[in-house]
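Below: the structure, in structure tokens.
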Amino acid sequence: MLKVLSTICMLMLMAIPNANAMKIKDYHQEIMMGDNGKVECSACHGDAKRKTIPDASVCESCHGSVEDVAELTKRPADAGHDVEPNPHDSLHYGTDLPCTYCHIEHKESKVYCNQCHEFEYPDMKR
């Protein structure tokens, strides 16, 4: 009986997801997946320790420069007050705010400016 219980407990422990496994956003899985079908942490983190925040140049290698991203998200010239400001070229920070202040890969992304404001940015992938 003890052997059966031990086997059941062992199987249950093996079914628990790896504590070190990190979620990644669906839209990034394809580019971060290695040939072995596993996520390659080095795709973003390089050779640094996995808990290190990736350098902005890693984001820029796929998404373009901060100026490119700001251009893609700029407000129309005739936009009224009901169009939210450009999150990538803010009145307070310009284009100097690091990507990782809003865009978080392993957790739900958030709008950094909402610490003081109430912007929605409905198209933001969270």
### Query
What residues have an amide H closer than 5 Å to that of Met33, excluding those fewer than 5 places away on the same chain, when H is modeled at 1.01 Å from N in the peptide plane?
Glu40
### Message
Taking 20 Å as the cut-off for C-alpha to C-alpha distance, list the pairs among Lys74/Lys125; Lys25/Lys107; Lys38/Lys110 that go past it.
### Response
Lys38/Lys110
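Using just the Cα positions, wrap the range 26-126 in a convex hull and report its mean projected area in square nanometres, one decimal place.
Working: hull surface 30.0 nm².
For the range 26-126, the mean projected area of the Cα convex hull comes to 7.5 nm².
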### Task
Give the long-range amide H neighbours of Ala48: residues separated by 5 or more places, or on another chain, with amide H under 5 Å away, using H modelled in the peptide plane at 1.01 Å from N.
none
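So with the 1.4 Å probe, I'd like the accessible area per residue for the range 38-126, rounded to whole Å². Before the final figure, lay out the partial values.
Working: 6940 Å² over 89 residues.
Ligands and nucleic acids excluded, the result is 78 Å² per residue.
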### Query
Over the range 34-126, what percent of the accessible surface lies on carbon and sulfur atoms, probe 1.4 Å?
53 percent
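The values are calculated or read from the model by the stated rules, or taken from the named source; none is laboratory data. Computed from a predicted structure; not experimentally measured. In case anyone asks, the SASA skips ligands and DNA or RNA and just uses the protein heavy atoms, side chains included. Shrake-Rupley method; radii C 1.70, N 1.55, O 1.52, S 1.80 Å.
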